[in-house]
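Peer 1: Please read through the structure below; I'll follow up with questions.
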Amino acid sequence: MNGLELPTPFHGDSHFGAVAIGLAQAVALTSSSRIRSGAQALLPILQSTSLERVAVSAAWNEQKCEFSPVGSMQSKLVGFCMPGLEPSPAICVTATDQDEQDEREKKLNSAGEGKIELPLPRNAELNYPMNGRGLLRCLPVRDPIEAFHHLWEAQTRSLARCL
Amino acid sequence: VRALSGNLTAFLNVALFLLSASKAAWLFIGLATLGAWWFLSDYYFALWPWWMDRFAFIACSFAIFFAVTEAVLWIGIRRPARRCAPDFDSLGGSNRELKLTPVNWCATLDVIACQGGRLWAAYWHWYCARIKHLGFDHEPICANRLRTSWWFHPSAIPQWMTLGCLPAFWALLLLAPLHTNVMEHIADIAGPKPQEIFNVLCLTELQDGAATESRGDIHLRAVSEPLTREGSSSVYARTDKCVRVPFGDFVVSSTRFPRVYRSLVVSCGQGCGLDSRDTDHAKKTMEMPVIPGQDLSFMWIQTTSDPLKMTIALARQDGSTLYKAAIEP
């Protein structure tokens, strides 16, 4: 990170999910012929899903081979929804057990251990209030492919209204 | 303007889908058009202006077509689309700006097709087929241009031609029966009753002592008297008061002739005139269209003391006589 100082919440493995999802789409768009035949069925999903307004905050669990939760979610969500950042995210992809991590952080914080930030209050549908921009919905998924499936299904459903 | 053009393009797409891919829609619209034509086109004799007689069924058919298309658009397409809306919008409201290649649009439309009933699926599969015809090497298409992207492609010609079938059907119904015997045959099958004149009424005014109406110093009394006939013969004669006056109206009652052309041809002998009470302006023959279900009246005047020697005939459009009656032959 010579010469470039990233905000603290962006250090660590939280970028894994974003890189994995972005890379999957980049490969699908630029080198579709190199994708093995078994995964060709995924091509339309990988190519069509719009990631322009999707935020991702998920690490990787090597033992389980799936996304793992990240710490300091509050700072990350605040970062995603900084005023002036356009386009603002419409959804944030997280690991499936991100809410457990948030609960752990909450308990640790109440016990006064460490300097862990208090997770944001969250409603039952995994919506986080963000910087006066309404609610940011979180999409808990196990891996990038599941994320693409969920995002594509939502995208096709919303497209049905305008086609 | 944007919302209006959006609704218009969606309407046209649904209309093209219905006419090119739905036999049920064609059957319904076709039968409704035939029904409207049958009941609204009396072929010249309705009480409304001539253009209503010709074009009322077209307006009715178009209204039905419009209503069916709107119903399919709003009930069959837009309502399910609202129902299947996701609980989160990953596009953040920028759906219309999304650009995809035709192959990816086809995959998207196929997935959309799986999320509703039969009509919904049929529409989206048809839509997908239209996009597929653009070819997979086509440049990416923006969502807000997808509806119209295939309209001007050669593959769209059959779809537009099906839209032209409806006006062609109207033209066929409008023109064909006027100059053929089709309507005569249909009318014969629909109404096998004999077509005839069954009553002639004499309406006149008689100078009489007991006045019911005053016109200066002349007292007149209205007379309404049926002409007599022997049995079911076609010879009618004036009797009683009607014989005593030299002018009046004859009211002819005949069988109803819906949807076919019938006219009443009246001709007069030496001693009478038609259409006027003035002997100078009276005619010897006249032809009037028969309005179905309505009696027809015409004026007559007796110019000499001879019998009227009048004939009244029901005629077809080609001039052939269906039924002929005589008044004081």
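Peer 1: Go through B:ILE112, B:ILE58, B:ILE131 for me and flag whichever is under 34 Å from the mean Cα position of the chain (by Cα) and in a helix (DSSP H, G or I). It would help to see each step written out before you state the result.
Peer 2: Values: B:ILE112 fails: under 34 Å from the mean Cα position of the chain (by Cα); B:ILE131 fails: under 34 Å from the mean Cα position of the chain (by Cα).
Unique residue meeting the criteria: B:ILE58.
Peer 1: So if I check each of B:VAL252, B:VAL260, which one is under 28 Å from B:PRO192 (Cα atoms) and either without any contact (Cβ under 8 Å) to a residue 12 or more places away in the chain or touching a helix residue (DSSP H, G or I) at 6+ places or on another chain (Cβ under 6 Å) (or both)? Working first, answer last.
Peer 2: Numbers: B:VAL252 fails: either without any contact (Cβ under 8 Å) to a residue 12 or more places away in the chain or touching a helix residue (DSSP H, G or I) at 6+ places or on another chain (Cβ under 6 Å) (or both).
After applying the criteria, what remains is B:VAL260.
Peer 1: Moving on. So how many residues does segment B:300-325 have that are buried (at least 18 other Cβ atoms within 10 Å of the Cβ), in a strand (DSSP E or B) and over 28 Å from the mean Cα position of the chain (by Cα)?
Peer 2: 7
Peer 1: So, in segment B:18-50, of the ones that are outside any helix (DSSP H, G or I) and hydrophobic (A, V, I, L, M, F, W, C), which residue ends up modelled with the highest pLDDT? Break it down stepwise before answering.
Peer 2: Kept after step one, since they are outside any helix (DSSP H, G or I), are these residues of segment B:18-50: B:22, B:41-49.
Going one step further and asking which of them are hydrophobic (A, V, I, L, M, F, W, C), we end up with B:45-48.
On the way: B:PHE45: 48, B:ALA46: 48, B:LEU47: 55, B:TRP48: 59.
If we take residues in segment B:18-50 being outside any helix (DSSP H, G or I) and hydrophobic (A, V, I, L, M, F, W, C), then B:TRP48 is modelled with the highest pLDDT.
Peer 1: On to the next question. Any idea which residue in segment A:67-97 is surrounded by the fewest Cβ atoms within 10 Å (Cβ to Cβ), counting only those that are assigned to a loop (DSSP other than H, G, I, E, B), within 14 Å of chain B (Cβ to nearest Cβ) and not polar (S, T, N, Q)? Give the derivation first.
Peer 2: First pass over segment A:67-97, keeping only residues assigned to a loop (DSSP other than H, G, I, E, B): A:69-72, A:81-90, A:96-97.
Remaining after also requiring within 14 Å of chain B (Cβ to nearest Cβ): A:81, A:85-90.
Still in the list and also not polar (S, T, N, Q): A:81, A:85-87, A:89-90.
Working: A:CYS81: 20, A:LEU85: 12, A:GLU86: 6, A:PRO87: 11, A:PRO89: 21, A:ALA90: 22.
Result: A:GLU86.
The rows are residues; the columns are (1) more than 30 Å from B:GLY76 (Cα to Cα); (2) modelled with pLDDT of 80 or more; (3) more than 14 Å from chain A (Cβ to nearest Cβ).
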position	(1), (2), (3)
B:CYS128	no, yes, no
B:ILE157	no, yes, yes
B:LEU172	yes, yes, yes
B:ILE197	yes, yes, yes
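Peer 1: Which residues, counting only those in segment B:75-102, are facing chain A (nearest Cβ under 7 Å) and part of a helix (DSSP H, G or I)?
Peer 2: Residues satisfying the conditions are B:ALA81, B:ARG82, B:ASN95, B:ARG96.
Peer 1: What are the pairs with Cβ atoms under 7 angstrom where one residue, in segment B:195-207, is more than 11 Å from B:SER224 (Cα to Cα) and the other, located anywhere, is at pLDDT 80 or above and among the aliphatic types (A, V, I, L, M)? Sequence gap at least six, or different chains.
Peer 2: Every condition considered, the pairs that remain are B:GLN195/B:LEU314; B:GLN195/B:LEU322; B:ILE197/B:VAL252; B:ILE197/B:ILE312; B:ILE197/B:LEU314; B:ILE197/B:ALA325.
Peer 1: Would you check if there is a residue in segment A:45-60 being of a type in the set (A, V, I, L, M) and assigned to a helix (DSSP H, G or I)?
Peer 2: Start the filter on segment A:45-60 by keeping residues that are of a type in the set (A, V, I, L, M), which leaves A:45-46, A:51, A:54-56, A:58-59.
Narrowing the set further to residues that are assigned to a helix (DSSP H, G or I) leaves A:45-46.
There is at least one residue in segment A:45-60 that is of a type in the set (A, V, I, L, M) and assigned to a helix (DSSP H, G or I).
Peer 1: Can you name the residue in segment B:103-123 that is without any contact (Cβ under 8 Å) to a residue 24 or more places away in the chain and more than 8 Å from every other protein chain (Cβ to nearest Cβ) and, of all such residues, is farthest from B:ALA85 (Cα to Cα)?
Peer 2: Restricting to residues being without any contact (Cβ under 8 Å) to a residue 24 or more places away in the chain and more than 8 Å from every other protein chain (Cβ to nearest Cβ), the top hit is B:ARG118.
Peer 1: Right, another one. Within segment A:25-35, take every residue that is touching a helix residue (DSSP H, G or I) at 6+ places or on another chain (Cβ under 8 Å) and in a helix (DSSP H, G or I) and give me the one that is surrounded by the fewest Cβ atoms within 10 Å (Cβ to Cβ). I'd like the intermediate steps shown before the answer.
Peer 2: Our first condition is that a residue be touching a helix residue (DSSP H, G or I) at 6+ places or on another chain (Cβ under 8 Å); within segment A:25-35, this holds for A:25, A:27-29, A:32, A:34-35.
Subsequent filtering for residues that are in a helix (DSSP H, G or I) retains A:25, A:27-29, A:32, A:34.
On the way: A:GLN25: 18, A:VAL27: 13, A:ALA28: 21, A:LEU29: 12, A:SER32: 12, A:ARG34: 8.
In this case the residue turns out to be A:ARG34.
Peer 1: Consider segment B:4-17. How many of its residues are under 27 Å from the mean Cα position of the chain (by Cα) and either among the small types (Gly, Ala, Ser) or not in a helix (DSSP H, G or I) (or both)? Walk me through it before giving the result.
Peer 2: First, the residues of segment B:4-17 that are under 27 Å from the mean Cα position of the chain (by Cα): B:11-12, B:14-17.
Still in the list and also either among the small types (Gly, Ala, Ser) or not in a helix (DSSP H, G or I) (or both): B:15.
Within segment B:4-17, residues that are under 27 Å from the mean Cα position of the chain (by Cα) and either among the small types (Gly, Ala, Ser) or not in a helix (DSSP H, G or I) (or both) number 1.
Peer 1: Among the residues of segment B:134-150, count how many are under 37 Å from the mean Cα position of the chain (by Cα), facing chain A (nearest Cβ under 9 Å) and over 21 Å from B:ILE75 (Cβ atoms).
Peer 2: Result for segment B:134-150: 0.
Peer 1: Let me ask something additional. Does A:LYS64 satisfy being more than 17 Å from A:HIS150 (Cα to Cα), of a type in the set (D, E, K, R), assigned to a loop (DSSP other than H, G, I, E, B) and away from every other protein chain (no Cβ under 14 Å)?
Peer 2: Details: more than 17 Å from A:HIS150 (Cα to Cα): yes; of a type in the set (D, E, K, R): yes; assigned to a loop (DSSP other than H, G, I, E, B): yes; away from every other protein chain (no Cβ under 14 Å): yes.
Here the answer is yes, as A:LYS64 does meet what is asked.
Peer 1: Would you call A:GLY22 under 24 Å from B:VAL111 (Cβ atoms), in a helix (DSSP H, G or I) and modelled with pLDDT under 85? Even if it seems obvious, please write down each step before you answer.
Peer 2: Values: under 24 Å from B:VAL111 (Cβ atoms): yes; in a helix (DSSP H, G or I): yes; modelled with pLDDT under 85: no.
No; evaluated as a whole, the condition is false for this residue.
Peer 1: Filter segment B:124-143 down to residues that are in contact (Cβ under 8 Å) with a residue 40 or more places away in the chain and out of contact with any strand residue (DSSP E or B) (no Cβ under 8 Å at 6 or more places or on another chain) and give me whichever is farthest from A:GLN47 (Cα to Cα).
Peer 2: To start, the set of residues in segment B:124-143 that are in contact (Cβ under 8 Å) with a residue 40 or more places away in the chain comprises B:126-127, B:140-143.
When the remaining residues are screened for being out of contact with any strand residue (DSSP E or B) (no Cβ under 8 Å at 6 or more places or on another chain), the result is B:126-127.
On the way: B:TRP126: 23, B:TYR127: 20 Å.
Selected residue: B:TRP126.
Peer 1: If you scan segment A:36-58, which residues turn out to be surrounded by fewer than 18 Cβ atoms within 10 Å (Cβ to Cβ) and away from every other protein chain (no Cβ under 14 Å)?
Peer 2: A:ARG36, A:SER37, A:GLY38, A:ALA39, listed by residue number.
Peer 1: In this structure, does B:THR101 turn out to be more than 44 Å from the chain's Cα centre (by Cα) and within 30 Å of B:LYS23 (Cβ to Cβ)?
Peer 2: Here the answer is no, as B:THR101 does not meet what is asked.
The values are calculated or read from the model by the stated rules, or taken from the named source; none is laboratory data. Remember, it's a predicted structure, so these values are computed and weren't measured experimentally. All Cβ positions, glycine included, derive from the backbone under ideal geometry; neighbour counts span all protein chains shown.
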